[in-house]
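The values are calculated or read from the model by the stated rules, or taken from the named source; none is laboratory data. These figures come from a predicted structure and were not determined experimentally. No Cβ is skipped: glycine too gets one built from the backbone with ideal geometry, and neighbour counts run over all protein chains shown.
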Amino acid sequence: MANNTRNISDYSKFIVDLRRHMWMAGIEMDLRRLIWQIAITGKYISAKIHESNRKLAGLRNIHGDEQLALDKSADIILQNQLQYSGFVKAYCSEELDRIVPYEAASSKYHVTADPLDGSSLVDTNLAIGTIIGIHRDSPLAAEGRKTMVGAMYITYGPLITMVYSAGKGTHEFVLNREGEYVLSEENITLDEKGSIYSLGGLRKDWFSGHLKFVETLEGEGYKLRYSGGFVPDINQILIKRGGVFTYPGTKKDPKGKLRLIFELQPMAFLTEQAGGMATDGKQDILAIKPEGLDHREPIYIGSRYEVEKAREFLT
Ligand code: AHG
Ligand code: MN
Ligand code: MN
């Protein structure tokens, strides 16, 4: 009888799952376990999106009790998973107004979360996501380059995908039907220059330097790709290997809209690990010391040519 029962070693040659990938990369054990724990939480958040989506469960959830906003539910799911994991010293998220210390003194890592990014898109069925930063110290202690040890995001789209870095490259995994995260793109590396741009903020509120930067890209034939979700918009630039996302400072909001700790630092970490750049127009995002949990900054993030080009118009 043909030997059609491959042994596990044959399969493992083709399917590198998340735990195996992090082990082969030599990532410290508690950090591996923490990243794994967060990746798994994506399954529960995805289930919550399905369960509580208005299109499925009416205006109230199936139990009829008052429905929490999905952002809040996602935050509670993350906290329930991390509080007693033994790896998290403290947790903060854009749904909370303070850093929550967890009792396990031996735990090493401080976790920041945008539990649900792009929540205004839920009813449109466009992709949304979860953004996570992992720090060795409080995210308020110093600039990101000194405190960050890892970052990841989960994209809830036609597939659930997860992109992570622990300082040894940026890699994408897909959640398969068996519930495993399998490697889909390893060592994502951005080209020097891309061909897409993703523009936040209202054109009428842009400063002249930013407008000139955008017009330069338009003159070079860049294609507009903007969904209104930071996670899928950044994910598109990483997977297409280049381009630029910007949510600039505007006349109405000179510091822009996006939050330094919960959104910008993790994406800057991942993008730099993929050979790209992330600035506020002038200085690196990871060189900015956070002044507080609600610290916002303009963002120019993506491949080097475009982010450097922006700097020419903004300094
Ligand atoms: P969140 O849902 O976590 O508040 O984030 C929404 C953010 C970000 O996802 C996106 O890039 C930006 O809002 C879009 O802003 P506009 O709606 O002003 O374009
Ligand atoms: Mn967000
Ligand atoms: Mn959010």
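Filter the stretch 74-84 down to the residues that are surrounded by fewer than 18 Cβ atoms within 10 Å (Cβ to Cβ) and in contact (Cβ under 8 Å) with a residue 12 or more places away in the chain, then identify the one that is farthest from ligand 2 (Cβ to nearest atom). The residue in question is 84. Look at residue 106 and say whether it is modelled with pLDDT under 95, on the phi < 0 side of the Ramachandran plot and within 16 Å of ligand 2 (Cβ to nearest atom). Spelling it out, it is not the case that residue 106 is modelled with pLDDT under 95, on the phi < 0 side of the Ramachandran plot and within 16 Å of ligand 2 (Cβ to nearest atom). Being within 16 Å of ligand 2 (Cβ to nearest atom), outside any loop (DSSP other than H, G, I, E, B), not β-branched (Val, Ile, Thr) and not assigned by TED's automatic domain parsing to the domain that holds residue 308, is that true of even one residue in the stretch 169-182? So far as the stretch 169-182 goes, no, none of its residues is within 16 Å of ligand 2 (Cβ to nearest atom), outside any loop (DSSP other than H, G, I, E, B), not β-branched (Val, Ile, Thr) and not assigned by TED's automatic domain parsing to the domain that holds residue 308. Selection of the stretch 200-253 for residues being within 16 Å of ligand 1 (Cβ to nearest atom), aromatic (Phe, Trp, Tyr) and surrounded by fewer than 22 Cβ atoms within 10 Å (Cβ to Cβ) yields 206, 226.
Does residue 228 satisfy being touching a Leu at 6+ places or on another chain (Cβ under 9 Å), under 22 Å from residue 189 (Cα atoms) and outside any helix (DSSP H, G or I)? For residue 228, the condition - touching a Leu at 6+ places or on another chain (Cβ under 9 Å), under 22 Å from residue 189 (Cα atoms) and outside any helix (DSSP H, G or I) - is not met. Among the residues of the stretch 187-199, the ones that are surrounded by 14 or more Cβ atoms within 10 Å (Cβ to Cβ), touching a strand residue (DSSP E or B) at 6+ places or on another chain (Cβ under 8 Å) and outside any strand (DSSP E or B) come to 4 in all. Annotation: residue 97 fulfils all but one of (1) within 12 Å of ligand 3 (Cβ to nearest atom); (2) closer than 14 Å to residue 72 by Cβ; the unmet one is (1). The requirement of being free of Cβ contacts under 8 Å to residues at least 40 places away in the same chain, farther than 30 Å from residue 186 by Cβ and either part of a helix (DSSP H, G or I) or within 16 Å of ligand 3 (Cβ to nearest atom) (or both) is fulfilled somewhere in the stretch 283-294, by at least one residue. In the stretch 126-163, of all residues being among the hydrophobic types (A, V, I, L, M, F, W, C), away from ligand 2 (no atom under 16 Å from the Cβ) and assigned to a strand (DSSP E or B), the one that is surrounded by the most Cβ atoms within 10 Å (Cβ to Cβ) corresponds to 134.
Tallying residues that are more than 11 Å from ligand 1 (Cβ to nearest atom) and surrounded by fewer than 16 Cβ atoms within 10 Å (Cβ to Cβ) within the stretch 111-125 yields 3.
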